[in-house]
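Peer 1: This structure is in structure tokens; I'll ask about it shortly.
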């Protein structure tokens, strides 16, 4: 299957700071990438859909000014959590789609 | 409202004890149904895509089937390394093309 990477895999930050997470599709070009968050013992919740060269589409209840998404190329999308707070602590997972969604390994964010 | 429900929530098996996981869906349209495996602290790993009722896919000890209302993931003679959370997800197509709606998952534990 296709390979999707995420960086960093783990990040700890202070409340009020911003954190950037990168998602790369390594062996195929993805016109669409998705960002999810997952709380402990829960399933994946879609946050936003990212299309190369256009603005991201956010799911209801997701603050677009807080979770900034940039999809600069067919292999790279970034999620920036701005002014992070402890309630933003979660497991963030991206996926890249070429018809089937292939997921990255996830990024665990802990906001102190 | 579109819904994806997985059962059971958790399943404990002895090594070699075959069983099935269920994913039932109530959706307005179905482009495809996907099965993923997720290990703790990692992103989901793609297993199968099913597109139409009657379709079956197999991979090693796993076999996925699809009807008009549900999908089954059959596990034959499972091994401890099959322990994971199994997620099913549906792509509704149409204006939601490419977006996945996930079930809550089934936590499978296989004891040696």
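Peer 1: Quantify how strongly other chains surround peptide A:90-100 by giving the mean number of their Cβ atoms within 10 Å of each of its Cβ atoms. Working shown, then result.
Peer 2: Working: counts 0, 3, 1, 4, 1, 6, 0, 5, 1, 5, 8.
Per residue, the number of nearby Cβ atoms from other chains is 3 on average.
Peer 1: Here's a follow-up. Pairs of Cα atoms under 8 Å, at least six residues apart: use those to get the relative contact order of the stretch A:50-112, whole percent. Write down the numbers at each step before the final one.
Peer 2: On the way: 82 pairs, mean separation 15.3, N = 63.
In percent, rounded to a whole number, it is 24.
Peer 1: How crowded by other chains is B:90-102, given as the mean number of beta carbons from other chains within 10 Å of each beta carbon?
Peer 2: Details: counts 0, 4, 0, 0, 0, 0, 1, 2, 11, 8, 8, 3, 7.
Mean partner shielding for this stretch: 3.
Peer 1: In percent, how large is the relative contact order of chain B, given Cα pairs closer than 8 Å and 6 or more residues apart? Working shown, then result.
Peer 2: Working: 287 pairs, mean separation 40.4, N = 112.
Contact order relative to length: 36 percent.
Peer 1: Taking only Cα atoms and a 10 Å spring cutoff, compute GNM fluctuations for chain A and point out the largest among A:13, A:94, A:23.
Peer 2: Maximum fluctuation in the GNM of chain A, among the listed residues, is at A:13.
Peer 1: On to the next question. For the stretch A:1-50 and the stretch B:1-68, what is the separation of their C-alpha centers, rounded to whole Å?
Peer 2: The distance from the Cα centre of the stretch A:1-50 to that of the stretch B:1-68 comes to 23 Å.
Peer 1: With the contact rule set at Cα under 8 Å and sequence spacing of 6 or more, what percent relative contact order holds for chain A?
Peer 2: Numbers: 285 pairs, mean separation 42.2, N = 112.
Normalised by residue count, the contact order of chain A is 38 percent.
Peer 1: OK, next. In cubic angstrom, how much convex hull volume per residue do the alpha carbon atoms of chain A span?
Peer 2: Working: hull volume 10.5 nm³, N = 112.
Value for chain A: 94 Å³ per residue.
Peer 1: Which of A:101, A:38, A:60 moves the most in a Gaussian network model of chain A with Cα springs under 10 Å?
Peer 2: Checking each option, the largest mean-square fluctuation is seen for A:60.
Peer 1: Per q in 0.22 Å⁻¹, report the Debye log10 I(q)/I(0) for the stretch B:31-85, using one uniform scatterer on each alpha carbon and no solvent.
Peer 2: Those come out to -0.87, one per q.
Peer 1: In addition: Using only atoms on other chains, find how many Cβ atoms lie within 10 Å of each Cβ of peptide B:46-55 and report the average. Each step should come with its number before you reach the end.
Peer 2: On the way: counts 7, 1, 1, 3, 0, 0, 0, 0, 0, 0.
Rounded to a whole number, the mean comes out at 1.
Peer 1: Which percentage, to the nearest 5, of the DSSP beta bridges contained in the protein assembly as shown is antiparallel? Walk me through the numbers on the way to the answer.
Peer 2: On the way: 74 of 83 bridges.
Here the antiparallel bridges make up roughly 90 percent for the protein assembly as shown.
Peer 1: Could I ask something else about it? Give me the orientation-averaged projected area of the Cα convex hull of the protein assembly as shown, in nm², one decimal.
Peer 2: Mean shadow area of the hull around the Cα atoms is 12.1 nm².
Peer 1: Dimensions of chain B along principal axes (Cα, Å, largest first)?
Peer 2: Computed over the Cα atoms, the extents are 45, 31, 20 Å.
Bear in mind that the values in this text are calculations on the coordinates, not laboratory data. All of these numbers come straight from a predicted model, not from anything done at the bench. Here Cβ is always computed from backbone atoms with ideal geometry, including for glycine, and neighbour counts include all displayed protein chains.
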